[in-house]
1. Looking only at the range A:249-262, how many residues end up being surrounded by fewer than 24 Cβ atoms within 10 Å (Cβ to Cβ) and either at the interface with another protein chain (Cβ under 9 Å from one of its Cβ atoms) or touching a strand residue (DSSP E or B) at 6+ places or on another chain (Cβ under 7 Å) (or both)?
2. What residue, of A:Gly283, A:Gly265, A:Gly217, is part of a strand (DSSP E or B) and exposed (fewer than 15 other Cβ atoms within 10 Å of the Cβ)?
3. Only residues that are in a strand (DSSP E or B) and within 7 Å of chain B (Cβ to nearest Cβ): list them for the range A:190-201, please.
4. In the range A:151-183, which residues are away from chain B (no Cβ under 14 Å), in contact with a helix residue (DSSP H, G or I) (Cβ under 6 Å, 6 or more places away or on another chain) and more than 22 Å from A:Glu251 (Cα to Cα)?
5. Could you go through the range B:112-120 and let me know if any residue there is surrounded by 21 or more Cβ atoms within 10 Å (Cβ to Cβ), under 30 Å from B:Ala242 (Cβ atoms) and among the charged types (D, E, K, R).
6. In the range B:200-212, which residues are in contact (Cβ under 8 Å) with a residue 24 or more places away in the chain and surrounded by 17 or more Cβ atoms within 10 Å (Cβ to Cβ)?
7. Would you mention how many residues in the range A:105-130 are under 21 Å from A:Leu95 (Cα atoms) and either touching a His at 6+ places or on another chain (Cβ under 6 Å) or among the basic types (Lys, Arg) (or both)?
8. Please find, within the range B:230-244, the residue that is farthest from A:Ser172 (Cα to Cα) out of those that are aliphatic (A, V, I, L, M) and more than 14 Å from the chain's Cα centre (by Cα).
Protein chains: 2
Amino acid sequence: MTLSASTFPAKTNPLPSWSESPTREAILDFIRAVTDEGGEDFVPPSERIATFDNDGTLWVEYPIYTQFLFTIERLKALAPQHPEWQIMQPFKAVLEDDREKVGASGVKGLMDLTAVASAGMTADKFAREVRSWLTTTRHPRFDRVYARCIYLPQLELLDTLRAHAFKTFIVSGGDQAFMCPVTAEIYGIPPEQVIGSTVVSELKLKDGQADLVRKPGINSIVDRETKPVSILQHIGQRPILAFGNSDADREMIEYTMAGKGRRLGLFLHHTDAVREYAYDREGQVGVLARVLDDAAANDWVIVDMKNDWSQVFPDT
Amino acid sequence: MTLSASTFPAKTNPLPSWSESPTREAILDFIRAVTDEGGEDFVPPSERIATFDNDGTLWVEYPIYTQFLFTIERLKALAPQHPEWQIMQPFKAVLEDDREKVGASGVKGLMDLTAVASAGMTADKFAREVRSWLTTTRHPRFDRVYARCIYLPQLELLDTLRAHAFKTFIVSGGDQAFMCPVTAEIYGIPPEQVIGSTVVSELKLKDGQADLVRKPGINSIVDRETKPVSILQHIGQRPILAFGNSDADREMIEYTMAGKGRRLGLFLHHTDAVREYAYDREGQVGVLARVLDDAAANDWVIVDMKNDWSQVFPDT
């Protein structure tokens, strides 16, 4: 591989919060290779597509998805109007704060509850409420709002990729409408580059107004084998780099790696109980098991949070 | 409104194939207003979203959608393996070249037939076949391939919008996969900015390969009231400019115009039987009737092909 001196100017450090390690080198080597115009691995800018999972890859997901916390709060506020929820699952578990039971319902359960919790709201109002909640509700442990429970090394990676003409996308099981209101500000990813699960929406025309109203049903779930399908339907081409953190991202990485030419597939391994959390094979959130078993045979890069990241969160 | 001298440098003519007319002025006024940093109508670049219908707005749709022609050709090639099609509608009409009956089935019928005609193909192979067909099959009347049966004034408008930091999107009832393989080249619109109807696709993993395979079913139809819904699900924000050509684009324009601040909604009226076609209230393709009745009351701009465009197609 040709090392292009100009790709990373000597004076700058493109990934300052990534420790010097083979992981960091693998990332920088990949970027050098696909952007080296004379090299055999060169990829034209229009095909430099990078996709990132969100929960557990760009922001904290453990021990329960942030979207669940928002949704639980809304459902509790709505509960007085729904006495039946006192005896009806999964609402009963929500009202009893049984987070283990709520969390166990996974992406589908999350989307079901969020759809019910926001039914009847216009898309614009939902976006305002999400934005307000994410930027004012503080994480009990990290002393920062949820919109800042994001990983500094990933922000640096996103910036470095974009500086090399990559287009960066989110591909997440979370509600697209729960991410879009903040992704441009917190990640530099505009709303049209955010792919997530969606609820049913309906156009309501009245008195010169035209609003999209959220309905209590799911339109699409973006998870496991539907991540590649959603990438096709939204991006229309195969990524050359994909980054996930759980077995549910495996198909996205397989789809990415199976394309022709040089590719990079990465998984974040949460190994840092001191600065964030340590979890992998057990539990209900972000299970990383089959991927760990098969990573070496597939040339997937496992990013070890504890050893590969010198800093986890932005300073503020 | 402040006329910013620098917006359109005196030496350049941003829309050379648009005749001097109130229509052209309305477009240029709008662009000036939303890009004038000191002005009251200023819109920041991140919100400069423009959506265009495709069939009949960017490329020729009359007397039958281009995608129907491609699909009919494929179905005829497959017919020997499907003797039942000889007696089964809508296949019988296809094989008998009854284009009026085929065309009458609309966007839903079009997608049904295309899904059947391409079932079992990988997304990559379908993209190659579409690209090859569009760039080699000649239109019988216009002496050019279908990929060049596109409107020069619209190419100029797309370029001008992008030069003013707009992001340009296609929002079409046609199969997204029938447009994506050529839109970057012919319109300067990358595949991730193309929203269209989609067939069901399935991930097939085998021997280190990972392909998306088209199935004989419809995943989504983008038409009428689902155009705004698809815009929300794909772009995540409301356009400030939308351009269509039929009653099926009405909801997209209403959704666009109902946003806060300055907006522009346009419909192309096919009035030019000599250089292209003249059609509006009658027929099965591109019906423009209710929109013509209501345009004035809603401040929609009707673009008159015959009078507003000095040239219709690019020279080659």
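1. Matching residues across the range A:249-262 total 5.
2. Every option except A:Gly217 fails the conditions.
3. A:Val194, A:Thr198, A:Ser201
4. A:His164 - this is the single residue of the range A:151-183 that is away from chain B (no Cβ under 14 Å), in contact with a helix residue (DSSP H, G or I) (Cβ under 6 Å, 6 or more places away or on another chain) and more than 22 Å from A:Glu251 (Cα to Cα).
5. No - not one qualifying residue is present in the range B:112-120.
6. Those that are in contact (Cβ under 8 Å) with a residue 24 or more places away in the chain and surrounded by 17 or more Cβ atoms within 10 Å (Cβ to Cβ): B:Ser201, B:Asp211, B:Leu212.
7. So the count comes out to 1.
8. Filtering first and then ranking leaves B:Leu241.
The values are calculated or read from the model by the stated rules, or taken from the named source; none is laboratory data. Quantities reported herein were computed from a predicted structural model and do not represent experimental measurements. Reconstructed Cβ throughout: ideal geometry from the backbone, glycine too, with neighbour counts over all protein chains shown.
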